[in-house]
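Since the structure comes first, as structure tokens, the remarks are kept for the end.
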Amino acid sequence: MQIHLVTGGAGFLGSHLIDRLMEAGDEVICLDNYFTGRKANIARWIGHPRFELIRHDVTEPIKLEVDRIWHLACPASPIHYQFNPVKTAKTSFLGTYNMLGLARRVRARLLLASTSEVYGDPEVHPQPESYWGSVNPIGVRSCYDEGKRIAETLCFDYQRMNGVEVRVARIFNTYGPRMLPDDGRVVSNFIVQALRGKPLTLYGNGSQTRSFCYVSDLVDGLIRLMNGSHMGPINLGNPDEFTIRQLADLVRKKVNPALPFVEKPLPEDDPQQRQPAIDLARQQLNWQPTVSLEQGLSPTIDSFRNLLELGEGRGT
Ligand code: NAD
Ligand code: UDP
């Protein structure tokens with residue numbers, strides 16, 4: 001039996017990953033400072049003999065004995081990572097530095113949850129791992145984008161200098177149950193707006209594109225990466241690309257086709273297009289997404305409906 005540390009384990013992706021690790025019979029330590037995570041996401045495991053919960057901030061060092069470190073701690077939605085950009089940069093740099101130090105000390109393998117944002121507003125489409133990116137170093141998204149870039153750098157320097165076993169996943173837009181209703185990301189925004197009978201907010205004219213991966217597919221990719229021998233960086237995402245207007249239309253069709261759209265200004269440095277090239281994941285991990293956007297939206301909408309009925313949605 002392996003001991004897993006999941007940083008950011010009370011968050012959206014982390015809690016789904018913990019479900020999978022617990023269901024496989026392993027031991028899991030969930031570490032989180034609850035900035036965007038919620039105890040409700042991991043409540044079903046609290047009290048389980050193979051599960052431990054630690055309230056801790058990854059910008060501070062910690063000593064633990066573990067075999068695998070899944071390093072996910074970092075706010076992921078623009079409104080959260082821009083809330084305190086200096087803290088976001090610290091979380092990426094110091095957090096990854098502390099976790100790599102831990103990995104080195106206890107000889108654990110570390111997987112970093114990096115992001116498609118390392119490609120910035122890409123000039124190459126779709127984006128292969130060999131593309132170095134087009135990132136604004138001083139913009140409002142830089143704390144996150146550059147934070148993840150230095151986190152990747154740290155991983156490969158620890159690997160070269162100290163032989164730490166690293167795995168780096170570049171995660172593209174992922175959605176599913178347990179996203180926060182007020183985190184401002186496009187899938188949660190549209191669903192919450194539609195369920196509340198409000199107009200769907202298209203930033204710009206909605207012609208920008210994203211490629212949306214359902215959470216179960218993503219977690220499957222992370223597990224394959226951690227267990228395999230390829231270090232990465234490796235893209236994990238669904239290559240089916242949609243304009244934001246198409247996404248809005250899909251959500252509207254499933255919830256209430258009569259709802260109007262309203263155009264709002266495009267946020268600064270908002271990438272115009274994004275689609276993962278996943279040939280490497282196909283070859284190295286024998287992985288590709290299996291859930292279409294059409295299929296994945298239904299359980300996501302149902303989960304938000306339940307949440308809003310319980311009165312847990314705020315804002316948006
Ligand atoms: P999330 O906000 O739901 O989860 C992040 C978790 O990290 C939260 O539980 C939060 O409380 C915790 N956290 C934040 N700062 C911390 C700190 N300093 N110390 C300890 N815990 C801290 O976001 P998510 O969507 O689950 O994203 C998880 C990881 O995956 C992040 O690293 C994110 O950058 C990466 N990622 C996610 C996506 C996506 O589409 N969801 C895409 C690319 C990359
Ligand atoms: N977006 C939108 N309406 C919203 C929220 C987001 O049109 O209510 C757009 C946003 O401008 C971006 C895309 O949807 O072009 C994805 O935004 P999100 O914040 O989900 O992810 P990211 O930009 O980090 O990929």
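The values are calculated or read from the model by the stated rules, or taken from the named source; none is laboratory data. Remember, predicted model here, so these are calculated numbers, not experimental data. So basically every Cβ, Gly included, is an ideal-geometry build from the backbone, and we count neighbours across all protein chains shown. We work out accessible area using only protein heavy atoms, side chains counted, and drop any ligands, DNA or RNA first. Shrake-Rupley method; radii C 1.70, N 1.55, O 1.52, S 1.80 Å.
Observations, loosely collected:
- Restricting the range 130-155 to residues that are surrounded by 19 or more Cβ atoms within 10 Å (Cβ to Cβ) and part of a loop (DSSP other than H, G, I, E, B), the residue that is farthest from ligand 2 (Cβ to nearest atom): Val135
- Residue within the range 7-24 that is over 16 Å from the mean Cα position of the chain (by Cα) and within 11 Å of ligand 1 (Cβ to nearest atom) present: no
- Among residues of the range 235-262, those that are more than 14 Å from the chain's Cα centre (by Cα) and either assigned to a strand (DSSP E or B) or under 12 Å from Thr174 (Cβ atoms) (or both), counted: 5
- Looking only at residues of the range 39-56 that are within 20 Å of the chain's Cα centre (by Cα) and open to solvent by less than 30 Å² (accessible area, probe 1.4 Å), we find that the one that is farthest from ligand 1 (Cβ to nearest atom) is Ile42.
- Cβ-Cβ distances below 8 Å connect the following pairs, each with a first residue in the range 16-45 that is under 19 Å from Asp182 (Cα atoms), a second residue that is open to solvent by 70 Å² or more (accessible area, probe 1.4 Å) and more than 9 Å from ligand 1 (Cβ to nearest atom), and a separation of six or more residues or different chains: Lys39/Ile46.
- Scanning the range 156-187 for residues that are open to solvent by 20 Å² or more (accessible area, probe 1.4 Å) and either of a type in the set (Asp, Glu) or assigned to a helix (DSSP H, G or I) (or both) turns up Phe156, Asp157, Tyr158, Gln159, Arg160, Met161, Asn162, Glu165, Asp182, Val186.
- Within the range 237-249, being surrounded by 16 or more Cβ atoms within 10 Å (Cβ to Cβ) and within 19 Å of Gly176 (Cβ to Cβ) holds for Gly237, Asn238, Pro239, Glu241, Phe242, Ile244, Leu247, Ala248.
- Extreme residue, surrounded by the fewest Cβ atoms within 10 Å (Cβ to Cβ), among residues of the range 74-85 that are within 16 Å of ligand 2 (Cβ to nearest atom) and part of a loop (DSSP other than H, G, I, E, B): Phe83
- Any chance Phe212 is under 22 Å from Asp121 (Cα atoms), within 11 Å of ligand 2 (Cβ to nearest atom) and at pLDDT 95 or above: yes
- In the set (1) crowded, with 19+ Cβ neighbours inside 10 Å; (2) without any contact (Cβ under 8 Å) to a residue 60 or more places away in the chain, Leu13 fails one condition alone, (2).
- Of all residues making up the range 263-288, the number that are assigned to a loop (DSSP other than H, G, I, E, B) and either within 16 Å of ligand 1 (Cβ to nearest atom) or surrounded by 12 or more Cβ atoms within 10 Å (Cβ to Cβ) (or both): 13
- Filtered by the rule that a residue be open to solvent by 40 Å² or more (accessible area, probe 1.4 Å) and touching a residue at least 40 places away in the same chain (Cβ under 8 Å), the range 108-127 gives Asp121, His125, Pro126.
- Scanning the range 9-33 for residues that are within 21 Å of Cys213 (Cβ to Cβ) and in a helix (DSSP H, G or I) yields Phe12, Leu13, Gly14, Ser15, His16, Leu17, Ile18, Asp19, Arg20, Leu21, Glu23.
- Selection within the range 100-129 - more than 20 Å from Leu236 (Cβ to Cβ) and either within 15 Å of ligand 2 (Cβ to nearest atom) or of a type in the set (Lys, Arg) (or both): Arg104, Arg105, Arg107, Asp121
- Candidates Thr59, Thr36, Thr88, filtered to the one that is in a helix (DSSP H, G or I) and within 11 Å of ligand 1 (Cβ to nearest atom): Thr88
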